[in-house]
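Okay, so here's the structure we're looking at.
The values are calculated or read from the model by the stated rules, or taken from the named source; none is laboratory data. Computed from a prediction, not measured in an experiment: that's the story for all the values here. Backbone-built Cβ (ideal geometry, glycine too); neighbour counts: all protein chains shown.
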Amino acid sequence: MNEVRSFLRPWAGRRVLILGVGSPLKGDDQAGPELVRRLQGKTRAHLLDCGGMPENHGRAVLALKPELILLVDAAEFGGGPGEVRLLEERDIGSSGLGTHGLSLRVFLSYLRSEISFQAALLGIQPKSMEFDEPLSPEVEAAVQELEKVLREELPASGSASG
């Protein structure tokens, strides 16, 4: 998580938007929306649960004019279950990556045609994407750790970083 912390540190106090991407009905695919839900009121970053269709939220994203868009999604990158990788925008939609990889790349291209921003993906390696399952213990642990890191690095107004 040190890589995530180092990446986030310069963004404290700036317009950051965290997008949770994934289906709440498909096991570990719900990690992004679950993280966004847990962060409500606990960070100064704007939060948006995009479900499985981030492209449906383009107007809301554009209205916020974020400087950083941080996507959180289950991502198939060959890691161990619950492993977190910080991926740069150019890696989103690459061959073999992601569960929403191509649609995320298209979505970011559309946004970039309207506003200027930096983007990154916090990819969480899923263990299971079976219908109607809860988060696996490995992905649950990753979500808890990311919640802690994001709360500390992008604290709510008036909170001390800690």
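If you go through the range 1-17 one residue at a time, how many are part of a helix (DSSP H, G or I) and of a type in the set (A, V, I, L, M, F, W, C)?
Restricting attention to the range 1-17, the residues satisfying the condition of being part of a helix (DSSP H, G or I) are 2-11.
Within this subset, residues satisfying the condition of being of a type in the set (A, V, I, L, M, F, W, C) are 4, 7-8, 11.
Residues in the range 1-17 being part of a helix (DSSP H, G or I) and of a type in the set (A, V, I, L, M, F, W, C): 4 in total.
Every residue in the range 49-91 that is touching a strand residue (DSSP E or B) at 6+ places or on another chain (Cβ under 8 Å) and at positive phi, please. Step through it out loud before you land on a result.
In the first step, residues of the range 49-91 are kept if they are touching a strand residue (DSSP E or B) at 6+ places or on another chain (Cβ under 8 Å); the result is 49-52, 54, 56-57, 60-61, 64, 66-75, 77, 79, 82-89, 91.
Once the filter is applied, which keeps residues that are touching a strand residue (DSSP E or B) at 6+ places or on another chain (Cβ under 8 Å) and at positive phi, the range 49-91 yields 51, 82.
Can you name every residue in the range 51-68 that is farther than 10 Å from residue 17 by Cβ and of a type in the set (Asp, Glu)?
55
Count, please, the residues in the range 55-113 that happen to be touching a Phe, Trp or Tyr at 6+ places or on another chain (Cβ under 7 Å) and at pLDDT below 90.
Residues meeting the conditions: 2.
Against the definition (within 17 Å of residue 35 (Cβ to Cβ), among the charged types (D, E, K, R) and buried (at least 17 other Cβ atoms within 10 Å of the Cβ)), how does residue 91 come out, yes or no? Write out each step before concluding.
Details: within 17 Å of residue 35 (Cβ to Cβ): no; among the charged types (D, E, K, R): yes; buried (at least 17 other Cβ atoms within 10 Å of the Cβ): yes.
Answer is no for this residue.
Taking residue 77 as meeting all but one of (1) under 14 Å from residue 146 (Cβ atoms); (2) out of contact with any Pro (no Cβ under 9 Å at 6 or more places or on another chain); (3) in contact (Cβ under 8 Å) with a residue 40 or more places away in the chain, write down the number of the exception.
It is condition (1) that residue 77 fails.
Filter the range 120-162 for residues that are at pLDDT 95 or above, closer than 11 Å to residue 28 by Cα and aliphatic (A, V, I, L, M) and give the result.
124, 135, 139, 142, 143
Among (1) under 20 Å from residue 3 (Cα atoms); (2) in contact with a Ser or Thr (Cβ under 6 Å, 6 or more places away or on another chain), where does residue 126 come up short?
Only one criterion in (1) under 20 Å from residue 3 (Cα atoms); (2) in contact with a Ser or Thr (Cβ under 6 Å, 6 or more places away or on another chain) is unmet by residue 126, namely (2).
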